[in-house]
Amino acid sequence: MLNTDKGVNKSNFNATGIKCLKYIPGIYSMIVSMDLELKDRPGQLVQALKPLSRFGANIMSVLHHHDQRTPRGAIPVQVVFQLTNGKLNDIIAELEEGGVRIVCVGKKLMYEEVTVILIGHIVHSDMGDTIDQIDSTGFAEVVSLSISMPAINEPSSASLVINAVDMAQLGKALDILKRVALEKDLLVIEPIEKDQLSVKT
């Protein structure tokens, strides 16, 4: 069984001749590195993390240097988090209102993320080579892979999560994947554009 939480709604043939099933695309994301200064009081770290949780941030790492002090006598903390809803300014405002000093907000890494499904004899088609052709671009990479194999000689399905630095590069990565899939006789389930998701009344 195909392992994906995306809702497939139609099938067609794209310009390259690969049969594709279309589904809703991935999410637009941001990774933020934020340096904070916290007062040396119990519970300050928890209070500082509450705005991130409230605005839907996915905390990736927290470096809490409790044995160190800034020139102002505060404790330095670095938080790295992922945000998908554009609420960074709200997080900053709430932190400042709560008395948390923000030393700097590091470089924001903007990227597009999408899940693509492949169906066919995936293992026998050298999945490592397929991934390498995307990873070697320098602007996109496969960050997650899940394979479902019903039987050794039966077609299997693979769910790939692909990240790229922006939407244009993500499109290039998908073009590479479609070319490789055509060469290896794999069925591609790719995303549709957001402007195609219109409801007719």
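FYI, it's all coordinate maths here, none of it is from the lab. Just so it is clear, the model here is predicted, and its values are computed rather than measured.
Can you divide the C-alpha Rg of the range 25-103 by 2.2 N^0.38 Å and report the result to two decimal places? Intermediate values should be presented prior to the final figure.
Values: Rg = 12.8 Å, N = 79, 2.2 N^0.38 = 11.6 Å.
Against the compact-globule rule of thumb, the ratio is 1.11.
Stretch N89-Q47 to full length: gain in nm at 0.36 nm per residue minus the Cα-Cα span?
13.4 nm
I'd like the Karplus ³J(HN,Hα) series for the range 132-137: coefficients 6.51, -1.76, 1.60, θ = phi - 60°, whole numbers in Hz, and an x wherever there's a Gly or Pro.
The phi angles translate into 4, 5, 8, 4, 6, 5 Hz.
Amide H neighbours of D166 under 5 Å, counting only residues 5+ apart in sequence or on other chains, H built in-plane at 1.01 Å?
Amide H neighbours of D166: E112.
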